[in-house]
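One structure below.
The values are calculated or read from the model by the stated rules, or taken from the named source; none is laboratory data. No experiment lies behind these values; they were computed from the predicted model shown. Virtual Cβ from ideal backbone geometry, glycine too; neighbours counted across all protein chains shown. Quick note on the areas: whole protein, heavy atoms, side chains included, nothing else; ligands and nucleic acids left out. Shrake-Rupley method; radii C 1.70, N 1.55, O 1.52, S 1.80 Å.
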Protein chains: 2
Amino acid sequence: MENKGRILLMKGIKLESIGYVVTKAVGREVRDRSNISKIVLIPDLVEALEGLEDFSHIFVIFWMHEIVGENRRMTKVHPRGRREIPRIGIFGTRTPFRRNPIGLTLVELLEVKENILVVRGLDAFNNTPVLDIKPFDPWDVVEDAKVPEWWMRLERERSRKTS
Amino acid sequence: MENKGRILLMKGIKLESIGYVVTKAVGREVRDRSNISKIVLIPDLVEALEGLEDFSHIFVIFWMHEIVGENRRMTKVHPRGRREIPRIGIFGTRTPFRRNPIGLTLVELLEVKENILVVRGLDAFNNTPVLDIKPFDPWDVVEDAKVPEWWMRLERERSRKTS
């Protein structure tokens, strides 16, 4: 820990991947929520997965290893790359361009077979390193969450496209 | 990337904290969902927070820096430390004893004031390094999630205590 002015910072936090993503989806296809992927974990972790199959949904925490250099230093982006929406701070979006490019996605757990998880809805590219798996807990539900106007607008647009 | 047998692994993934938690709660008190904490971010990040205040809820991703050594090598635990519940794999629980001790908590965002966020419901200790902040997105909601029997049992018990 380093005390930088009034700010305590911790540098060089080290993680290791516990496995990786396998998917045939490329580019924007990974955003398709019906997309089925595999997560191949280190074989030693089979015991650590016992009981996970009793949950229908899990959070996958992954490392967006292609985001490096300047792409980790951005401060504002157009939400979902839409240039007609004014730029907002990266922490107000789910952009991959973050200080620590950690991905977080809630997915449906379809199967656990030894060290392999089969999931639906993971928006991570093939070979993405996986950092952690956490069961989805109904405590994570917020029913009356407030979101910005731009979010609602994109959502209405998306509904029109899929209906 | 290292190809270890059939497993692609990535070692030495490096992160830096973007800020830290300030709370008066100690020990088990941090689990109280009404607990109010501050997240003090690096002052340079003020611009990167613009627009976050339009969300009512955010995910806080933090680094449980006190979990080191053998505590990162456990495979099974009693859920929530309850010895009467059989041990299950760490990935089937939200235990801090994980390969990569990353904490993930959905909190209510009460205020954004320059580089400081005021939140309710963060179960992280004082001085915990923060890795990322993501807005809660209604897409993260699952209404019909299935959970294990032990989870339901603890939930019923908790409801009895608080009612």
Seminar exercise, completed: Within the range B:52-72, the residues that are open to solvent by 10 Å² or more (accessible area, probe 1.4 Å) and either free of Cβ contacts under 8 Å to residues at least 24 places away in the same chain or facing another protein chain (nearest Cβ under 7 Å) (or both) are B:54, B:56, B:57, B:63, B:65, B:68, B:69, B:70
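Test residue B:132 against the criterion of being crowded, with 19+ Cβ neighbours inside 10 Å and closer than 16 Å to residue B:32 by Cβ, and give yes or no. Before you say what the answer is, go through the steps one by one.
On the way: crowded, with 19+ Cβ neighbours inside 10 Å: yes; closer than 16 Å to residue B:32 by Cβ: no.
Considered against the rule, which asks whether it is crowded, with 19+ Cβ neighbours inside 10 Å and closer than 16 Å to residue B:32 by Cβ, residue B:132 comes out as no.
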For this session: Evaluate the range B:105-112: report whether one residue or more is facing chain A (nearest Cβ under 10 Å), in a helix (DSSP H, G or I) and surrounded by 18 or more Cβ atoms within 10 Å (Cβ to Cβ).
Result: no
Exercise. Taking into account only those residues within the range B:74-85 that are touching a residue at least 12 places away in the same chain (Cβ under 8 Å) and surrounded by fewer than 16 Cβ atoms within 10 Å (Cβ to Cβ), which is nearest to residue A:42 (Cα to Cα)?
Worked result: B:80
For this session: Give the residue, chosen from A:34, A:17, that is among the polar types (S, T, N, Q), surrounded by fewer than 18 Cβ atoms within 10 Å (Cβ to Cβ) and either within 8 Å of chain B (Cβ to nearest Cβ) or assigned to a loop (DSSP other than H, G, I, E, B) (or both).
Result: A:34
Exercise. Pairs, please: C-beta under 9 Å, at least 6 apart or cross-chain, first residue at the interface with another protein chain (Cβ under 7 Å from one of its Cβ atoms) and in the range B:133-150, second in a loop (DSSP other than H, G, I, E, B) and polar (S, T, N, Q)?
Worked result: B:134/A:93; B:135/A:93; B:136/B:56; B:142/A:56; B:145/A:56; B:146/A:56; B:147/A:56
